[in-house]
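Working notes, structure below.
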Amino acid sequence: MADLAMGPAVAPPVHALFADLLALPVHSAGKPSLAENLLDVLEICAVAAGLKACHLQGDGHRDPERMDALQAIAHRHQLLTRRTPRCRPEWSPDASATQTSPTRTGPRLPTGLLEPLQRLGDTKRLQAPDVLWIYRDPATSDLIDAAVAGQGLGALLGYPRCCADAHSALAQAWLAAHVAALQAQHQPATQEALLHLLATDAPVDPAHLSPPVLAAAEPSAARLPFVSFDACAACQAQPDSPAAGVHAPLRAFAFALSRPFALHLWQAQLAESGAPADADTPCPCGSGQGVVRCRWPGEDDHTEHTAQTAAHTTRAPPATGERATPDPGLDAPAALGSSLGPP
Ligand SMILES: [Zn+2]
Ligand SMILES: [Zn+2]
């Protein structure tokens with residue numbers, strides 16, 4: 001039992017940070033996903049423990065009050081923070097032709113449109129509210145600048161290259177579908193007219209929109225609940241994938257922080273992905289036991305957290321089933337500003 005995915009020993013300062021983060025309300029109007037808010041707690045603690053380089057907040061769903069509170073807590077615990085514009089998306093002219101493309105079919109973005117779309121996206125990003133970065137090592141600041149400029153966000157957040165590329169390609173596929181729908185619906189005569197439709201957020205009739213056909217069967221949150229990215233189709237097809245390699249230490253860390261917290265996060269991910277667990281579902285700690293019977297060493301140390309997470313668990317999960325990745329195809333500003341971070 002003892003060698004089962006035991007997390008690293010968690011230092012007292014990280015536990016103090018964890019307790020402060022857990023004291024924030026996990027239900028937020030601006031950021032309605034319980035799973036996302038619990039993942040934020042895990043990620044910020046992972047930054048403090050040196051398991052992750054940085055945490056990005058406010059890139060998708062956004063709660064300004066919660067962002068302020070997270071920033072204040074990070075400062076109190078000697079973490080560094082910055083506010084910047086959202087990251088420039090990393091687009092490629094042939095995204096839908098790459099091996100990691102998450103889509104099988106669908107419209108391609110006209111090559112000549114990539115640059116003008118990036119410029120339009122830059123304007124919109126600079127008008128949008130800032131995002132918040134939380135990190136520990138001052139040297140990370142240069143990597144944040146590069147990510148904001150459109151280089152290396154996935155690596156900075158610790159995502160496997162294949163999954164980050166697949167996410168970028170999917171965002172680009174949604175944008176291509178959006179552009180194709182605008183063209184079919186409004187029949188702009190020139191590229192300028194098309195860009196004007198995008199700049200003014202011309203609405204798209206869903207009847208004209210053909211969503212990208214996905215290669216992966218489903219989002220991976222239920223199987224890899226302790227990370228905030230979706231595994232690419234290749235990673236979902238193999239147990240020893242790069243995505244699983246990133247997930248394993250964060251899962252162990254979540255259980256080392258607090259077993260009730262880890263189970264709460266896992267249950268929130270299952271509930272929001274539509275696959276809730278019952279008592280016999282194998283515990284995500286890796287013991288092989290059913291989740292109700294499984295006991296984790298050291299859980300008695302966190303009775304306070306137990307009470308708190310139990311209180312949260314009694315509430316219903318958000319009915320919307322919000323996922324970390326907003327659907328960029330339904331919203332041109334989101335598509336143009338879409339990077340690949342979690343919300
Ligand atoms: Zn992958
Ligand atoms: Zn367990």
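Only the coordinates and a few stated rules stand behind these numbers; no lab work does. Note that the structure is a prediction, hence the values are computed from the model and not measured. Cβ atoms come from the backbone with ideal geometry, glycine included; neighbour counts cover every protein chain shown.
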query: Can you work out D for the range 177-298 in µm² s⁻¹ from Stokes-Einstein, where Rh is the Kirkwood radius over C-alpha pairs, the temperature is 20 °C and the viscosity is 1.002 mPa s?
result: 122 µm²/s
- request: Determine one quarter of the surface area of the Cα convex hull of the range 109-188, which equals its mean projected area, and express it in nm² to one decimal.
  value: 6.7 nm²
query: Taking the Cα-to-Cβ direction at residue 84 and at residue 137 and moving 7 Å from each Cα, how far apart do the two end points lie in nm?
result: 1.6 nm
field: Förster radius 41 Å - calculated FRET efficiency between residue 9 and residue 240 (Cβ-Cβ, nearest 0.05)
entry: 0.95
- request: Return the whole-Å distance between the Cα centroid of the range 151-221 and the Cα centroid of the range 65-79.
  value: 33 Å
- prompt: Which residues' amide hydrogens lie under 5 Å from the amide hydrogen of residue 289, considering only partners 5 or more residues apart or on another chain, with H built in the peptide plane?
  reply: 283
query: Given 5 Å bins starting at zero, what is the percent of C-alpha pairs of the range 149-243 in each, up to the one with the largest pair distance?
result: 2, 12, 18, 17, 13, 12, 12, 8, 3, 1, 0
